[in-house]
1. So, in the range 116-148, how many residues would count as being farther than 21 Å from SER206 by Cα, free of Cβ contacts under 8 Å to residues at least 40 places away in the same chain and surrounded by 15 or more Cβ atoms within 10 Å (Cβ to Cβ)?
2. Taking only the range 205-237 into account, find how many residues are free of Cβ contacts under 8 Å to residues at least 12 places away in the same chain and assigned to a helix (DSSP H, G or I).
3. Need the failing condition index for PHE95 against (1) assigned to a helix (DSSP H, G or I); (2) loosely packed, with under 15 Cβ neighbours inside 10 Å, just the number.
4. Answer with yes or no whether ASP63 is farther than 29 Å from THR248 by Cβ, among the charged types (D, E, K, R) and either part of a loop (DSSP other than H, G, I, E, B) or over 16 Å from the mean Cα position of the chain (by Cα) (or both).
5. Given the options ARG101, ARG38, name the one that is loosely packed, with under 12 Cβ neighbours inside 10 Å, at pLDDT below 85 and of a type in the set (Lys, Arg).
6. Cβ contacts < 9 Å: first residue of a type in the set (Asp, Glu), restricted to the range 6-22; second residue assigned to a helix (DSSP H, G or I) and modelled with pLDDT of 55 or more, any location; separation 6+ or different chain. Result?
7. What do you reckon, is LEU197 over 28 Å from VAL120 (Cα atoms), hydrophobic (A, V, I, L, M, F, W, C), out of contact with any Ser or Thr (no Cβ under 7 Å at 6 or more places or on another chain) and surrounded by fewer than 16 Cβ atoms within 10 Å (Cβ to Cβ)?
Amino acid sequence: QQLVSEKDLIVREEACRVGLLFGGFTGSYHALRCFLRRFRKKETPFNAILSGSVAGLAILALDDSSRRRTLSLYLLARLAQCAYNSAKSKNRFHFWGSHWRHGDALLFSVASAQIMYAFVMRPESLPKSYRDFIQKTGPVAEPVYKAVRDSCRGGHVDLIGLSAYFANKKNSNLINLTRSPSIIPCSVIHPDRASCLAHNVTVTSSTFKKTFPLYFSLTFVPFVVLRLQKVTCHQLYFLYIVEDCCKTETWHVIALTCVWYACFLENLMLQRKTNLTSTFKLYCPPYLYDFNFL
């Protein structure tokens, strides 16, 4: 506690603990591996396994047991991923469909749909910090998600709560909910703008501004720290980093834009005055229906 106390430090205790974790793991791993190489007079996979196992005790630098558990599960998942990639590269084992073209994109879509379904319909199943991150980044307010959840479950939509939320919205006069709707209208999802197209453009721009610094820091900082020599010797590497960051951010913005097709589809159904709206809700997979409200 005295080592990481905030009393005599200009940085926060959490940052110190994270630094001790990764610094202690990296330093002890390489030190033990070099010692075993010198002691055993040979380099074998056993050296790396033993060194990594002992160096893993650096996780005790985190005093929060829940964070230690979360990080351990994450590292376990990464270990399983590395083991699978190694087995696949050696033609020892691979999942069905992994050889498909763009199969990784399909797997990512299914995984993303599962997370978004849990966020809308089962928010209690996600960690609070993760829910807050999606809520802060997304363009829909929490009361609207609750209304979507109640509507999809066939329950009664809390009109009083929605009315209180829309009281300070500039286009609240366009929202007229006198009874529980069978499907949440566009005017409720984006009350600040009457046009779905204008809202889509605004969401695209705001999302890019919010997430570009995050993706840039996640791409640039590790590259500079781990490959500083390449960055200093080859200045074009910086352009490669910016290019990768822009590609990732463009994909993220396009993905978020595409899911808003539900607004346009709903307007088309209502304009034709058909019962396709209820049919869409009944026969479209629930996870896809809820995913479009993000």
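The values are calculated or read from the model by the stated rules, or taken from the named source; none is laboratory data. This one's a predicted model, so the numbers in the text were calculated from it and none came from an experiment. Here Cβ is always computed from backbone atoms with ideal geometry, including for glycine, and neighbour counts include all displayed protein chains.
1. Qualifying residue count, the range 116-148: 4.
2. Selection size over the range 205-237: 18.
3. Of everything listed in (1) assigned to a helix (DSSP H, G or I); (2) loosely packed, with under 15 Cβ neighbours inside 10 Å, PHE95 misses just condition (1).
4. yes
5. ARG101
6. Note: pairs meeting the criteria are GLU6/GLU13; GLU6/CYS16.
7. no
Rundown of residues vs (1) under 30 Å from ASN200 (Cα atoms); (2) hydroxyl-bearing (Ser, Thr, Tyr); (3) more than 20 Å from the chain's Cα centre (by Cα), yes/no style:
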{"site": "ASN91", "(1), (2), (3)": "no, no, yes"}
{"site": "SER98", "(1), (2), (3)": "no, yes, yes"}
{"site": "ASP104", "(1), (2), (3)": "yes, no, no"}
{"site": "PHE108", "(1), (2), (3)": "yes, no, no"}
